[in-house]
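Notes for the one structure printed next.
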Amino acid sequence: MSRIGKKPVPVPAGVTATVNGQTVTAKGPKGELVFVANDEIQLKLENNSVSVTPANDGKDARSKWGMSRTMIENIFKGVKDGYEKKLEISGVGYRAALQGKNLQLQLGFSHDVIYQTPEGISIAVPKPTEITVSGINKQQVGQVAAEIREYRGPEPYKGKGVKYAGERIVRKEGKKK
């Protein structure tokens, strides 16, 4: 039994939700998102909340039950508040800047890395060593942040590279004489 799936998803104030078969559409101040549930999940909109139930008692249906409820909750939060990930850059000469909509990164390579911002995502650089990725789709925000971090992840000896804000880097001891 899914403990998460049992709870109905309340529709926040300022968000309009519609359920049409397997499709949940959420419109809010930030935009509009759609989630299409698996055929093994049943959705109902009642009392200003969306309830999720498995269509049968099979293992496959029960495994998708809690995930479907969480995805619906994420689209409601996304269209109301949006999502944001912060990245920090550490290292001598490592910095970031915006070039129009593209992100220009200097990460110790012989060339600058240019990251093209996908549709629906906004990137801000408040300081040359900080990057803020924001948008309404939680998965897309996390994917963009992971792609930026992948160019030069933090290394364990000096901690140089791109890391998530608040991420703890396990440091290693250097060579001994």
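Fewest Cβ neighbours within 10 Å first, please rank 152, 3 accordingly.
Result, fewest neighbours first: 3, 152.
Counting other Cβ atoms within 10 Å, which GluC sites (Glu not before Pro) in segment 144-177 have at most 13 and lie in a DSSP loop?
Answer in residue order: 167, 173.
Report, in debye and to the nearest 20, how large the dipole of the chain comes out about its Cα centre when Lys and Arg carry +1 and Asp and Glu carry -1 on their Cβ.
The calculated dipole for the chain is roughly 980 debye.
What are the residues whose amide H is under 5 Å from the amide H of residue 52, where those residues sit 5 or more places off or on another chain and H is modelled from the backbone?
Residues meeting the amide H criterion: 9.
Show that you can apply the helix-only estimate: for the chain, add -39,500 (n - 2.57) for every DSSP H stretch of four or more residues, divide by all residues, and state [θ] at 222 nm to the nearest 500.
-7000 deg cm²/dmol
Checking the table 30/163; 127/160; 77/160 against a 23 Å threshold on Cα-Cα, which pairs fail?
30/163; 77/160
Roughly how many nanometres apart are two label points built 7 Å out from the Cα toward the Cβ at residue 57 and residue 39?
Result for the modelled spin labels: 2.2 nm.
Pull out the extension gain between residue 127 and residue 6, defined as 0.36 nm times the separation in residues minus the alpha carbon to alpha carbon distance; nm, one decimal.
39.2 nm is the gain from fully extending residue 127 to residue 6.
According to a simple spin-label model (label point 7 Å from Cα along Cα-to-Cβ), what is the distance in nm between residue 13 and residue 48?
0.9 nm
According to a simple spin-label model (label point 7 Å from Cα along Cα-to-Cβ), what is the distance in nm between residue 95 and residue 168?
Taking the two extended label points, one gets 3.2 nm.
Which angle between 0 and 90 degrees, to the nearest 10, do you get for helix 59-80 versus the longest principal axis of the chain when only C-alpha atoms count?
Result, in degrees: 70.
If packing is taken as the mean number of other Cβ atoms within 10 Å per residue, what is the order of 108-114, 138-144, 89-95, highest first?
138-144, 89-95, 108-114
Determine, for each peptide in 115-127, 65-77, 43-55, the mean count of other beta carbons within 10 angstrom over its residues, then list the peptides with the highest first.
65-77, 43-55, 115-127
Using each residue's phi in segment 45-57, evaluate 6.51 cos²θ - 1.76 cosθ + 1.60 at θ = phi - 60° and report the 3J(HN,Hα) Karplus result to the nearest Hz, with x for Gly and Pro.
For segment 45-57, the Karplus-derived couplings read 9, 8, 6, 6, 8, 9, 9, 10, 9, x, 6, 9, 9 Hz, x marking Gly and Pro.
The numbers here are math on the coordinates, done by the rules we state, and not lab data. Note that the structure is a prediction, hence the values are computed from the model and not measured. Cβ: placed from backbone, ideal geometry, glycine included. Neighbour counts: every protein chain shown.
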